[in-house]
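Data first, discussion second: the structure below is written as structure tokens.
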Amino acid sequence: MTAGSLPERAAARPLHASAAGYLTQVWAVAYAEVAKLRHDPMDLVSRAVQPILWLLLFGQVMAHVRGLNTGTRSYLDFLAPGILAQSVLFVAIFYGLSAIWERDLGVLHRYMVSPAPRSALVIGKALASSVRGLSQSIVVYVCAALMGVSLSFQPGHIALVALFIVMASALFSTFSLIIACIVKTRERFMGIGQFLTMPIFFASNAIYPISLMPGWLRAIARINPLSYEVDALRSLMLTNGHSQLGVVSDLVALGAGACLMTIIATRMYPRLTQ
């Protein structure tokens, strides 16, 4: 052991300890959020109904529309990844409502006076949202398999599907926190949340190809983060799946969007208590 290595190790310990402490704080916030599901498991059950209805009803009806050109795949194959992305969106976009409830109950003030960095609070909540998104993926996978969708069960593909769900959940849940910091009331938040979900969903490639859209809507779909999530899921969920935009491009777009939303939400989060 050289003499010069001792200061280096001494300096490395605080860095490791700081990183471990930060991750512990993120985990504590995420665990507290996920623990709420144990007290209200019906929340997951009720949310599972929506994707099932979309696949069973909407999918069966639209499969008979001849104008929908989905290439060599059936419309149900085309639709299943879009419904999974929709489920993640609908769960995450209303996640900010829980922050408003926490403020009204006084829980948020306890978070704010804790030594945890604001970014740890935001990231912890984003991770908790991804748990709900992953639970939706199980429902969609089971329902799609029973309906004969040609799903890919390769471990690598499933792992990447989980990664994209986590990233999309983080993006939309932190976006939801930003909305909560702006409106600050449950009634206004619910109105804005319902106003945003439909345009985000329908201005994407979730239920019909971008090629069928008029030019102005096609331009919106190209910058819609949901389109990148759906594109990646179609490539990974289905056997012989194909990405039109490129899985790496999808990953970069969602990752950049999630980082941007996290930074903005971290800066705005304290305003929720004001």
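The values are calculated or read from the model by the stated rules, or taken from the named source; none is laboratory data. In this text, all values refer to a predicted model and were calculated from it rather than measured experimentally. In this analysis, Cβ positions are derived from the backbone assuming ideal geometry, glycine residues included, and neighbour counts consider all displayed protein chains.
Computed values, structure above
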{"read-out": "Enumeration of residues in region 87-110 that are in a helix (DSSP H, G or I), crowded, with 22+ Cβ neighbours inside 10 Å and of a type outside the set (Val, Ile, Thr)", "value": "SER87, LEU89, ALA92, GLY96, ALA99"}
{"read-out": "Some residue of region 37-44 being touching an Asp or Glu at 6+ places or on another chain (Cβ under 8 Å) and either at pLDDT 65 or above or in a helix (DSSP H, G or I) (or both)", "value": "yes"}
{"read-out": "Within region 190-210, considering residues that are polar (S, T, N, Q) and buried (at least 16 other Cβ atoms within 10 Å of the Cβ), the one farthest from PHE78 (Cα to Cα)", "value": "THR197"}
{"read-out": "Cross-chain or 6+ apart pairs with Cβ under 6 Å, region 96-116 first and more than 16 Å from THR266 (Cβ to Cβ), then at pLDDT 70 or above and among the aliphatic types (A, V, I, L, M)", "value": "ILE100/ALA180; GLU102/LEU108; ARG103/LEU272"}
{"read-out": "Among the residues listed as LEU79, LEU134, LEU151, the single one being at pLDDT 80 or above and either among the acidic types (Asp, Glu) or within 16 Å of the chain's Cα centre (by Cα) (or both)", "value": "LEU134"}
{"read-out": "The lone exception for MET261 - which of (1) more than 21 Å from ILE158 (Cβ to Cβ); (2) surrounded by fewer than 16 Cβ atoms within 10 Å (Cβ to Cβ); (3) aliphatic (A, V, I, L, M) it fails", "value": "(2)"}
{"read-out": "Qualifying residue in region 120-137 (condition: surrounded by fewer than 23 Cβ atoms within 10 Å (Cβ to Cβ) and more than 24 Å from CYS259 (Cβ to Cβ))", "value": "yes"}
{"read-out": "Among the residues listed as MET268, MET167, MET237, the single one being touching a strand residue (DSSP E or B) at 6+ places or on another chain (Cβ under 7 Å), surrounded by 16 or more Cβ atoms within 10 Å (Cβ to Cβ) and in contact (Cβ under 8 Å) with a residue 24 or more places away in the chain", "value": "MET237"}
{"read-out": "Unique residue being out of contact with any Asp or Glu (no Cβ under 9 Å at 6 or more places or on another chain), of a type outside the set (Val, Ile, Thr), under 21 Å from TRP54 (Cα atoms) and modelled with pLDDT of 90 or more when the list is LEU238, LEU226, LEU217", "value": "LEU226"}
{"read-out": "Verdict on LEU251 being over 30 Å from LEU105 (Cα atoms), modelled with pLDDT of 90 or more and buried (at least 18 other Cβ atoms within 10 Å of the Cβ)", "value": "no"}
{"read-out": "First in region 206-228 and farther than 15 Å from ASP250 by Cα, second anywhere and of a type in the set (Val, Ile, Thr), Cβ under 9 Å, 6 or more apart", "value": "ILE207/ILE83; TYR208/THR70; PRO209/THR70; MET213/ILE220; LEU217/ILE210; ARG218/ILE210"}
{"read-out": "Hits in region 233-274 - residues which are more than 27 Å from ILE182 (Cα to Cα), of a type in the set (A, V, I, L, M, F, W, C) and under 18 Å from the mean Cα position of the chain (by Cα)", "value": "LEU233, LEU236, MET237, VAL247, VAL248, LEU251, VAL252"}
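Yes/no matrix, rows are residues, columns are (1) of a type in the set (Ser, Thr, Tyr); (2) farther than 30 Å from VAL26 by Cα:
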site: MET213; (1), (2): no, yes
site: SER227; (1), (2): yes, no
site: VAL230; (1), (2): no, no
site: ARG234; (1), (2): no, yes
site: GLY246; (1), (2): no, yes
site: CYS259; (1), (2): no, no
site: THR266; (1), (2): yes, no
